[in-house]
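Heads up: the structure comes next, in structure tokens.
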Amino acid sequence: MIIDWKEIALNIYDKIKAKVSLLETKPCLWAILVWSNSASIRYIKQKQKWADYTWIDFKLIKLDENINENELLKIVSDFNKDKNISWYIVQLPLPKHINENSVLNSILPEKDVDWFHPINQWKILIWDDTWLIPCTPAWIMNIFESEYIDLVWKNVCVIWRSNIVWKPITALLINAWATVTSCNSKTKDITEFTKKADIVIVAVWKPWLLKENMLKKWSIIIDVWFTVIDNEIFWDAETDSINNSWHKITPVPGWVWALTVAMLMKNTLKSYKK
Ligand code: GUN
């Protein structure tokens, strides 16, 4: 079965829009974009589109791709001090000459609706549902909820080790009583682990890493992201070989942008209400 994340995303947007329509003032989300990378630009366009749809104000600051790290840090510091800016994001990826961690670490945690600041990341480990969740792990958990997938007793294999996806999703799964195995590119025999998994979450950016013969029958596959090679999209799971009547799988290609951005709008609304 293909998991219809378009339907899930639209449902979330409509709920956010209904809630925003009842507010006296609109929440306002600011975004800093260093104008360089086509992935960042595509992402920002989605953020603008869905902010408009949900009636959240979206204010975008575009910076030249040659900006240096100190200049960007100065702008972040000004955003932190500005009382008119309650929440903002810095769009990733940033150009290679800028250290992403230095920038993320200098965003004021209270204004960080991406929830990427180390203090906020740490809060995910402790868990309190008044806090936010970074967007990608948030939509993965949302899929489990929308598809009525109970995580208790489940073996979940998470493949990869990034700050944005792996660390927070692992913590969230543990908090939800799943039994979690963590694999990465140096794992000796990934199949040994994926074969035992009821759910495989893959975010490796390695085309077609996951194949049917690596999976347990009836398992659920959450394929987080894709690689673009010569304008062609390659997902981490080789969907053509994976039998949809046995497995539940996120669709290829799909509405992954929209679902990720839906979580950002949800975080903005939640911060506004607080
Ligand atoms: N690039 C890829 N995912 C994200 C995200 O969730 N937030 C930001 N700011 N940049 C990203």
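Some notes on this structure:
- Of VAL165, TRP235, ILE220, farthest towards positive along the dipole that unit charges on Lys, Arg, Asp, Glu beta carbons give region 160-274: VAL165
- Footprinting exposure proxy ranking of LEU108, LEU209, fewest other C-beta atoms within 10 angstrom first, gives LEU108, LEU209.
- The string of couplings for region 151-166 from the Karplus curve (6.51, -1.76, 1.60, θ = phi - 60°) is 8, 5, 6, 7, 8, 10, 10, 9, 9, 2, 9, 7, 6, 6, 10, 5 Hz, one whole number per residue in order, with x for Gly and Pro.
- Going from the fewest other Cβ atoms within 10 Å to the most, the residues VAL261, VAL204 appear in the order VAL204, VAL261.
- Partner aspartates and glutamates whose Cα lies under 12 Å from the Cα of LYS266, excluding those fewer than 8 positions away in the same chain, are identified as ASP14, ASP114.
- Net charge of Cβ neighbours under 14 Å - reference LEU104; Lys, Arg +1; Asp, Glu -1: -2
- Across LYS19, LYS188, LYS217, mean-square fluctuation computed from a Gaussian network of the chain (C-alpha pairs under 10 Å connected) peaks at LYS188.
- The chain - percent relative contact order, Cα under 8 Å, separation 6 or more: 22
- As a rough footprinting exposure proxy, the listed residues VAL228, VAL34 were ranked by other beta carbons within 10 Å of their own, and the order from fewest upward is VAL228, VAL34.
- Non-local lysine pairs in region 12-76, meaning eight or more places apart or on different chains, with alpha-carbon distances under 26 Å, amount to 29.
- Linear extension gain, SER185 paired with ILE85, 0.36 nm per residue minus alpha-carbon span: 32.0 nm
- Region 116-274, dipole about Cα centre (Lys/Arg Cβ +1, Asp/Glu Cβ -1), debye to the nearest 20: 520
- Among residues other than ILE233 with Cβ under 15 Å from its Cβ, the summed charge is -4 (Lys and Arg +1, Asp and Glu -1).
Just so you know, all these numbers are worked out from the coordinates, no wet-lab data involved. If you're wondering where the values come from, they're calculated on a predicted model, not measured in any experiment. Note that each Cβ is placed from the backbone with ideal geometry, even for glycine, and that neighbours are counted across all protein chains shown.
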